[in-house]
1. To check my understanding: the extent here is largest minus smallest coordinate of the Cα atoms along each principal axis. What are those three numbers for region 241-291, in Å, largest first?
2. So if I average 1/r over every pair of distinct C-alpha atoms in region 523-580 and take the inverse, what Kirkwood radius in Å does that give?
3. For region 118-158, take the convex hull of the Cα atoms, compute a quarter of its surface area, and give me that in nm², please.
4. When the helix-only estimate is applied to the chain (DSSP H runs of n ≥ 4, each -39,500 (n - 2.57), divided by the residue count), what is the mean residue ellipticity at 222 nm, nearest 500 deg cm²/dmol?
5. State log₁₀ I(q)/I(0) for region 315-367 at q = 0.20, 0.29, 0.30, 0.32 Å⁻¹ as given by the Debye formula over alpha-carbon point scatterers of equal weight, solvent excluded.
6. Keeping the other protein chains in place, figure out the carbon and sulfur percent of the accessible area of region 136-288, with a 1.4 Å probe.
7. Send over the semi-axes of region 84-134's equivalent ellipsoid, whole angstrom and largest first, taken as the square roots of 5 times the C-alpha gyration tensor eigenvalues.
8. Can you work out the accessible area per residue across the chain, with the rest of the protein chains kept in place, probe 1.4 Å, in square angstrom?
Amino acid sequence: MSSIDEAIAKGKKRRKGMAIASLIGLAVILALYFSWLFLTKGYAFVVSPERAAKAPEFNVVSGTALFMADKLYVFGSAAEVTVSAPKYKAASVVVDETSSSTINVTLVPLPATLTVTTSPQLDEVTWKINQEKVAVSPSLSTELEEGSYTVNASHPHYQDAQIQFDADIAQDIQRNIALTAIEGVISINSTPSGASVSLDKKEVGVTPLKINTQGGQYRVSVTKAGLEPLEDTIEVTNQRPLPTRNYNLQPLQAEIAVSMKPQGGVLTVNGKPVKANTRLDANKAHTVKYEKTGFIAQSQRVTLAPSETKALSFELEKELGRVVITASTDALVSIDGVKQGQTPLTLTLQALPHTVTFERDGYRKIQKTVTPSAKSSTKVHGDMLTEFEARRRDGTPLFATTLGIQLSLVTPKAFTMGSPANEKNRQRNEHQRDVSFSRQVWVSKHEITQAQFAAFKGKDGGTKLPVTNVSWDEAAAFTNWLSEKEGLTGFYIMQNGKVRGVDKASKGYRLPTEAEWEFVAKMHRRASSTAFVWGNQFRLRDKQGNFADASLRGKQTFILKDYDDGFADKAPVGSFKADRGGFYDLDGNVREWVHDIYSVTPQHQSGTYADYMGPGGQGKHVVKGASFKIGRLKNIRASVRSGESAPADDIGFRIARYEN
């Protein structure tokens, strides 16, 4: 093959290779194009406001993406873009598969910066923007949004001033406000007049004086021969442009420094209280006095030269007084809580208020305040009263009254207790005795109730039914408890719950004696002694009292078959009408313990038994009255008595005590 043919062959081969290469390149381009179509997504950005949209700038911060014109193409899942414009704050936008194809971005404008100063430069200028106070400072620096503004500057010594301007976004605004000082007049007067006046150490005249000046703060000095110089500060402000001062100039001063023992007293100069270090008029006589309660006062006369300082000293001695202490009965005396001895007492005490306490067992404690004096003796007397007497005097309710116990005062008279030989149905143990009484006695109108006895036992509750099933000793203990509550000496002397004796002088509560009980039941407010509580009639009135009526038929042997009192058992106290003396249930409801030892021995003493309390010794105790179990009229008589030693369900009690 010739060289020409070879050249032609090579050319064909080369053209073929180029064609193949072109086809391959076209295929790659097509592949890239289709990848672009299927693997990228385009997003259009719309920027506002209008001023920012004129020259927006976009910048890809992260992710694979590029901007073509104003459109973003993202390769992959997400990209972060910042959008900015001149005079606006840049905004950050994250674009991902959930983003809309059109993304709206609103840029925030940069604020204007404002700096305002004053001429002259001042401290504590008050700044207001559009009438709102924003700062108190020498100058104002702040940021503003786009808009119109009025800035006010005020200072106490200058006239208020203001400027107005418009602020554009990102604008740097600098302004200066010229302030004009206010004009004022200071008026200064003095007593006496003719004093020299200096303003900021410059002499300006004598009083009375008016000084024209500008706003500001001025140091004023006022002086006059023979008088104390005076210093003051006066301020001329836009609120007070015409300040006035009226000075009362004092004589030249000296000073005293006083030490005092004991502390806590009152120091006076010419009768006026002063401090330990105080200034006085010079060249004048002064009386300096120190006094304290309980001590003898001291005084000194001083005359001091101008500007002289003098030390004074006071050391007071105790003032003592004689106190004579007496009481209506012997009593233990304490002074301020310290025991001093029995009355009468004479003590020497400091002239201070003291608490004098009088004490005696069984009597109310008395406290009195006394202030002795060295000039004369002081007398203190304690009028001692028992707790009971004190309660009666001051109107405090008796403890018994708070429990609902009502007592009636009885003045018993001499009579013959027991029953006469001719009394119908008389029993052999109803011995007659002539008795008399020297003391008035209080007797409870009702029998003691379950509720009242429960209080004694420290329990709550109970009813108005009479308490029963209590022993004679328990009844006596109840009366002692009442006495203790009212500050009375217990009538019964008890040991281990048993009565071992009595205190006949006691005014404490007790059980009524048999003689007292019979007097109340047969003689009190009656013309003569009666056989029954209601009189001498051997018959019952309707609802006379609580006895064994027809309701107990078949339950016991004896009943009052034609009588109905409305109760088969105990009745609440006071359920029936009171007797003529104002007492309830003396003739029925429950039988009652009385004080006396029971005896069947007739009297052997001739004459009258005074304040008879029964025979001595030990044994059973007398029970008086009838009960809801008594079904025979003869056993309801007032003289009926029995001797019992054990509690029973129809035995209760009422109480008594001496009045004097």
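The values are calculated or read from the model by the stated rules, or taken from the named source; none is laboratory data. All figures in this text were calculated on a predicted structure; none of them were measured in a lab. In this analysis, Cβ positions are derived from the backbone assuming ideal geometry, glycine residues included, and neighbour counts consider all displayed protein chains. Ligands, DNA and RNA are stripped out before the accessible areas are found, and what is left, the full protein with its side chains, is counted by its heavy atoms. Shrake-Rupley method; radii C 1.70, N 1.55, O 1.52, S 1.80 Å.
1. Cα extents, longest axis first: 53, 26, 17 Å.
2. Hydrodynamic radius (Kirkwood, Cα pairs) of region 523-580 is 12.9 Å.
3. Values: hull surface 12.3 nm².
Approximately 3.1 nm², given one-decimal rounding.
4. My calculation for the chain gives -4000 deg cm²/dmol from helical runs alone.
5. -0.69, -1.23, -1.28, -1.38
6. Values: 3910 of 8590 Å².
Heavy-atom surface of region 136-288 belonging to carbon and sulfur, 1.4 Å probe: 45 percent.
7. Equivalent ellipsoid semi-axes, largest first: 44, 12, 8 Å.
8. Result: 54 Å² per residue.
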